[in-house]
Amino acid sequence: MSIVSYQLIGNIGVIQLNNPPVNALSKALRQGVQHAIKTAQSDSSQALVLICEGRTFIAGADISEFGQPPLEPSLRDMLNSIETSSKPVVAAIHGTALGGGFETALACHYRCALASAKIGLPEVKLGLLPGAGGTQRVPRLTGVEAALNLITSGRPIAAARAEALGLIDRLVEGDLLEAALTYARQLVSEAAPLRRVRNIEIDAASIPAGLFENYRKKLARRARGQIAPMHIVDCVEAAVNLPMGQGLKLERERFMQCMQSTQSCAMRHLFFAERQAARVDGIEKNTPTRPIGSVGIIGGGTMGGGIAMNFANAGIPVTLLEINQQALERGLTLVEKNYAITVSKGKLSAAQKEQCLSLIQGTTDYADLAETDLVIEAVFEDLGIKKQVFKKLDEVCKAGAILATNTSYQDVNLIAAATQRPADVIGLHFFSPANVMRLMEVVRADKTSDEVIATTMKMAKTIKKVAVLSRVCYGFIGNRMLRHYAREAQLCLIEGSSPQQIDTVMQDWGMAMGPLAVGDLAGLDISYNARKALSVEQKGDPRTYCIPDALVEMGRLGQKSGAGYYNYDPQTRARSNDEAVMQLVRDKAAEHGIERREIPDEEIVNRLIFALINEGAKLLEEGIAQRASDIDVVYASGYGFPVARGGPMHYANTVGLEKIYSTLCRYYEQTDKDYWRPAALLEELATTGKQF
Ligand code: 3HC
Ligand code: NAI
């Protein structure tokens with residue numbers, strides 16, 4: 001069966017694309033469309049319909065062709081033949097018309113779509129800009145501001161919104177092909193003109209003064225350090241000020257610049273890494289999975305409530321179990337508050353909120369969990385309590401129920417051993433706030449069955465999480481690495497830096513927040529209390545925790561107490577430096593015999609990030625993580641690591657493993673600390689010229 005077929009249905013020529021899974025614009029598809037358009041020019045058709053088979057209209061250029069020599073015909077050639085067709089072409093859209101796919105629709109003369117369809121230009125999420133006319137055609141239809149919003153956010157919009165913006169001409173119902181044929185016939189009977197978007201002119205006088213400059217300023221804050229959004233603004237500005245041909249030329253140049261950038265390379269890496277992460281080595285694709293039609297959650301605190309929301313949002317009923325009625329009410333109220341915030345942000349309607357809330361039932365009785373398919377425990381981080389909970393679950397839950405723990409650090413094998421069915425026990429480590437953060441670490445214990453792993457990996461997609469598989473170790477993938485990053489932040493601080501310097505340097509480098517500001521946000525008492533449970537040996541080098549310990553003991557718990565590493569304005573939460581903190585830092589340095597020195601910004605970045613990389617390499621060596629790209633997904637989707645750097649392991653490849661290795665060797669030599677000993681895997685790759 002060919003990728004593109006062409007047939008005449010009465011007086012309408014139908015070009016049908018069939019390039020599973022998402023009708024990406026591969027070379028063969030481009031060729032086929034061009035050929036069909038050419039054929040149609042000389043047959044008896046009076047109008048053409050461009051429609052796709054399968055789950056979606058074209059979802060974009062074929063990303064796997066990027067970075068390789070261009071293959072003829074180009075997408076621009078294909079769009080040109082559509083736009084210059086002597087017969088009107090109607091795009092018939094279902095599923096997701098994204099990127100080059102939507103640009104193809106924009107080159108057509110008319111566009112109809114099912115109401116369930118979505119359109120968008122997500123290129124910016126790949127570090128790119130629409131490279132096939134999107135930046136020129138969208139503003140001609142929607143006006144400049146709506147175009148900037150659509151293209152710089154990369155977020156798809158629903159067909160109805162697209163129609164309101166003028167991007168879609170007609171919403172249709174029922175069978176798409178029938179509806180598109182009807183529309184095309186109507187256009188023929190009305191002798192509708194060949195509407196070419198390129199011929200629309202934008203009235204420059206209608207653009208408010210300073211619009212582009214203000215937009216650039218806004219993006220400088222929102223998309224820190226990313227180059228593609230700025231190029232997009234330049235291109236949209238060109239749509240106003242330059243003729244179409246020149247605008248397209250500029251767009252092309254900027255697209256190529258983005259394509260060749262390390263940023264886009266990193267973001268494309270993450271696109272495929274996320275999809276790769278869903279695959280579990282050694283577990284067949286056809287491994288049977290269990291249906292998850294109902295979920296129980298134990299503990300309705302910070303995490304339990306957020307986790308419950310994920311399932312309710314996906315239409316799956318949840319039973320939330322708390323220790324007593326009072327705690328239950330507190331938990332349910334918190335959930336309701338969180339939904340109210342989502343509604344106030346316009347991300348959910350009041351009716352949807354009620355619908356979700358109606359799916360979450362509270363209980364204090366384990367018997368109510370007897371029939372649930374999956375139970376997730378999110379009680380206090382205490383092995384004893386968790387074991388008790390699992391023992392109880394083992395007694396009440398039906399055979400085949402999956403029993404999961406959201407523990408951050410406890411040994412999932414020990415928790416599984418508290419039951420008679422360790423094969424059904426797994427770790428599902430969500431991140432806070434659990435209703436927002438995309439990452440979920442799936443922690444397979446020694447006895448977890450393939451079926452349970454396959455089921456939870458699949459379930460992640462249902463609740464819109466990115467799942468990454470980890471084996472059991474202290475902190476799993478993300479938190480185990482984070483300890484090393486946090487350690488270096490503390491050491492830089494005591495050796496000569498300031499909270500302000502460390503946070504600014506790391507944020508400028510691209511982290512969503514600096515490490516000390518994150519501590520203030522999370523609450524310094526959390527790790528303080530966690531440390532209390534550890535032996536002196538487990539706590540490690542006192543220089544790595546003496547400052548936060550002292551801050552907590554001074555009553556500086558972070559944002560919640562108005563002060564931590566910084567002072568916080570009670571109204572605005574704006575932070576300011578506090579000399580008292582610097583005095584504490586100097587005192588602690590003196591106490592530990594450290595002569596403080598000026599620490600260069602580059603040293604801070606390298607110490608924090610290389611510490612992550614070295615630990616990541618050890619995780620690979622030990623088989624805790626399946627692959628380097630999984631670690632990248634963990635950091636980019638759970639720890640605010642800059643997507644434009646592709647995750648720590650991809651970043652290591654870009655820097656060059658030899659440089660990382662030699663720097664680690666130097667740190668090891670200077671400090672004689674075992675944690676700086678380069679991972680054997682890193683040494684091997686670096687010395688043989690390989691990459692992660
Ligand atoms: N090129 C190549 N492969 C693609 C692709 C693309 N544009 N889009 C999806 N795929 C592949 C995925 O890698 C995956 O492959 P796998 O099964 O081997 O892992 C398969 O198609 C299915 O994808 P998903 O698992 O993501 O399926 P979903 O149903 O969850 O999502 C989707 C479908 C919404 C279309 C999602 O895949 C998506 O967002 N794709 C990317 C869309 C995009 O970014 N388009 C713009 C491309 S850049 C461009 O067009 C440049 C132009 O301006 C010149
Ligand atoms: P929390 O203290 O906010 O909530 C725990 C809840 O469990 C409380 O409401 C408590 O009443 C309830 N509870 C305690 N014992 C119970 C029992 N025997 N039966 C039923 N309910 C019981 O704690 P939080 O932050 O929600 O953490 C829960 C778990 O999630 C911990 O294991 C933690 O390590 C993990 N986690 C926490 C993250 C965070 O950022 N807070 C992130 C990821 C995981």
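The values are calculated or read from the model by the stated rules, or taken from the named source; none is laboratory data. If you're wondering where the values come from, they're calculated on a predicted model, not measured in any experiment. Because the Cβ atoms are built from the backbone with ideal geometry, glycine has one as well, and the counts that use them run over all protein chains shown. When the accessible area is computed, the model is the full protein with side chains, heavy atoms only, and any ligands, DNA or RNA have been set aside. Shrake-Rupley method; radii C 1.70, N 1.55, O 1.52, S 1.80 Å.
Using a probe of 1.4 angstrom and keeping all protein chains present, the accessible surface of the chain works out to 43 square angstrom per residue.
If the reach is capped at under 28 angstrom between alpha carbons, list the lysines near K347, excluding any in the same chain fewer than eight residues apart. The reachable lysines, counting only those whose Cα sits under 28 Å from K347, are K118, K125, K217, K218, K337, K458, K461, K464, K465, K560. Dipole of the stretch 4-259 (Lys/Arg Cβ +1, Asp/Glu Cβ -1, origin at the Cα centre): which of A146, N18, L50 lies farthest to the positive side? My answer, from the dipole projection, is A146. Protection proxy ranking for 162-170, 331-339, using the average of other Cβ atoms within 10 Å per residue and placing the highest first: 162-170, 331-339.
When you count the other C-beta atoms within 10 angstrom of each residue and take the mean per peptide, 642-650, 566-574, 258-266 line up highest first as 642-650, 258-266, 566-574. Extension gain, S576 to D234: 0.36 nm times the residue separation minus the Cα-Cα distance gives 119.6 nm.
Computed over the Cα atoms of the chain, what is the convex hull's projected area averaged over all directions, in nm²? That works out to 33.3 nm². Carbon and sulfur: what percent of the stretch 21-89's accessible surface (1.4 Å probe)? Using a 1.4 Å probe with all protein chains present, the stretch 21-89 comes out at 54 percent carbon and sulfur.
Here the Karplus curve 6.51 cos²θ - 1.76 cosθ + 1.60, taken at θ = phi - 60°, turns the phi angles of the stretch 129-141 into couplings of 10, x, x, 10, x, x, 6, 9, 7, 4, x, 5, 9 Hz, with x standing for Gly and Pro. Using every pair of distinct Cα positions in the stretch 311-398, the Kirkwood expression returns a hydrodynamic radius of 14.3 angstrom.
Placing R0 at 56 angstrom, the Cβ-Cβ distance between K27 and E553 gives a FRET efficiency of 0.30 after rounding to 0.05.
Please express the shape of the stretch 392-481 as an equivalent ellipsoid: the semi-axes are the square roots of 5 times the eigenvalues of the C-alpha gyration tensor, given largest first in whole angstrom.
Those come to 20, 15, 11 Å.
Put simply, the amide H of I297, placed in the peptide plane, has neighbours under 5 Å in T319, L320, L321, I376, leaving out anything fewer than 5 places away on its chain. Taking the Cα centre of the chain as origin and assigning +1 to Lys and Arg Cβ atoms and -1 to Asp and Glu Cβ atoms, the resulting dipole is close to 1180 debye. Evaluating 6.51 cos²θ - 1.76 cosθ + 1.60 at θ = phi - 60° for every residue in the stretch 231-245, the Karplus couplings come out as 4, 4, 4, 4, 5, 5, 4, 5, 4, 7, 9, 10, x, 3, x Hz, glycine and proline recorded as x. Relative to the Cα centre, the charge distribution of the stretch 479-591, modelled as +1 at Lys and Arg Cβ and -1 at Asp and Glu Cβ, gives a dipole magnitude of about 360 debye. Straight-line reach from K588: taking Cα to Cα under 22 Å and skipping same-chain neighbours fewer than 8 places apart, the lysines in range are K532, K539, K673. The simple spin-label model puts a point 7 Å past each Cα toward its Cβ; for A399 and A191 those points are separated by 7.7 nm.
What size of dipole, in debye to the nearest 20, comes out for the stretch 423-562 about its Cα centre when the only charges are +1 on Lys and Arg C-beta atoms and -1 on Asp and Glu C-beta atoms?
For the stretch 423-562, the charge dipole is close to 420 debye.
Taking amide hydrogens as placed 1.01 Å from N in the peptide plane, the amide H of L428 sits under 5 Å from those of T405, N406, T407, V443, each at least 5 positions away in sequence or on another chain.
When the accessible area of the stretch 295-474 is split by element with a 1.4 Å probe, what percent falls to carbon and sulfur? Of all accessible area on the stretch 295-474, carbon and sulfur atoms account for 52 percent. If you plug the beta carbon distance of Q68 and V343 into 1/(1 + (r/R0)^6) with R0 = 56 Å, you get a FRET efficiency near 0.75. Taking label points 7 Å from Cα along the Cα-to-Cβ direction, T363 and K673 give a separation of 4.9 nm.
Across the stretch 77-90, rounded Karplus estimates of 3J(HN,Hα) from the backbone phi angles (6.51 cos²θ - 1.76 cosθ + 1.60, θ = phi - 60°) give 4, 5, 5, 4, 5, 5, 5, 8, 3, 7, 10, x, 10, 10 Hz, Gly and Pro being marked x. The helix-only estimate of mean residue ellipticity at 222 nm for the chain, built from DSSP H runs of length n ≥ 4 each weighted as -39500 (n - 2.57), is -15000 deg cm²/dmol after division by the residue total.
Amide H contacts for I402 (H built 1.01 Å from N in the peptide plane; partners 5 or more residues away or on another chain; cut-off under 5 Å): L374, V375.
For D672, the accessible area of its heavy atoms, probed at 1.4 Å with every protein chain present, is near 120 square angstrom. In the chain, the longest principal axis of the Cα atoms and the axis of helix 302-313 are about 20 degrees apart.
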